[in-house]
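A quick write-up on the structure given underneath.
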Amino acid sequence: MSFKVKFWGVRGSIACPSPRHMAFGGNTSCIEVAMGGQRIILDAGTGVRNLGHWLMKKRVSDAVLLLSHTHWDHINGFPFFSPAFRPDHTFRIMAGHLGDKGGVESVFASQMSQPTFPVPLEVMGGKLIFEDFNSGDVLDFGPEIKVKTTMLNHPEGAIGYRIEYMGKVMCYVTDTEHVPGKPDEAVLKLIEGADLVIYDSTYTDAEFPAKVGWGHSTWQEGVRLGMEAGVKNLAIFHHDPDHEDLFMEDIEAQARKMWDGAIVAREHMRFTLA
């Protein structure tokens, strides 16, 4: 009956394997959600490699992979996701922004094709079930598990998720760009009353004007949205690769002063919602 969330990758744009990124983590986006005996994986950035090793150790043979979108930093760990090479393992891989772009399977096949990658998708021996849905759809993954979806403001589109289980709610909202002074109504509706919101906080408000059009938001906007929507906890997420540990520590201190519900996500951080 538990509802647990674990961060396997918290960085945005590109992985940062550097001593100056150790405290918060350098792997790109990947979240594990375990509930009711089932697992949902949110994005397959480089963090999914370590998650894969963990799932093999725990003998977990099936899961659903929900993609926010398919930019490199959210899918380039998948070719190194070891359980997907096992014929006795099953993974549903789902996206809601590619219905008119050839579908999610074609994107995964393209990233694992020459001349950019030597091992094609079909070499993976696991049972991979690719499914496309439409933004706004409600996804059903068994008793008590409901996932609501919405389109986010990001180049080529991205999907935000609201996962509801046993009266608890966690939301995954990355990558998205806000309009200053105009709260995103779709995001506010998605995250209303949530116990935990993981939000795209790539920039600071001071950095944002130079990044308009790049498809990302700020930690301050995440706090503003969280407070307005009655959220209990906000996880500042998708850290800019140029934001090293000292910079992130300063963001965390500022965020906590602004709102005590805010925390900066770190690799291997866990939340237990139920």
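Being crowded, with 20+ Cβ neighbours inside 10 Å and aliphatic (A, V, I, L, M) is the filter; apply it to the range 1-14 and report the residue that is nearest to S68 (Cα to Cα). Here the residue is V10. For Y165, the conditions (1) in contact (Cβ under 8 Å) with a residue 12 or more places away in the chain; (2) farther than 20 Å from I31 by Cβ all hold with the exception of (2). The condition of being under 19 Å from G230 (Cβ atoms), of a type in the set (D, E, K, R) and modelled with pLDDT of 95 or more holds for only one of D205, D184, that being D184.
For the range 171-188, enumerate the residues that are surrounded by fewer than 20 Cβ atoms within 10 Å (Cβ to Cβ) and either free of Cβ contacts under 8 Å to residues at least 12 places away in the same chain or part of a strand (DSSP E or B) (or both).
Residues of the range 171-188 surrounded by fewer than 20 Cβ atoms within 10 Å (Cβ to Cβ): 179-183, 185-186, 188.
Residues satisfying the conditions are V179, G181, K182, E185.
Entry remark, the range 189-203: residues being crowded, with 17+ Cβ neighbours inside 10 Å and farther than 20 Å from F3 by Cβ number 4 in total. Put simply, of G160, G77 the only residue that is over 21 Å from V187 (Cα atoms), surrounded by 13 or more Cβ atoms within 10 Å (Cβ to Cβ), among the small types (G, A, S) and in contact (Cβ under 8 Å) with a residue 60 or more places away in the chain is G77.
The conditions of being modelled with pLDDT of 95 or more and on the phi > 0 side of the Ramachandran plot are not met by G36.
The values are calculated or read from the model by the stated rules, or taken from the named source; none is laboratory data. It should be emphasised that the depicted structure is a prediction, and the values quoted were computed from it without experimental measurement. Here the Cβ is made from the backbone with ideal geometry for all residues, glycine too, and neighbour counts use every protein chain on show.
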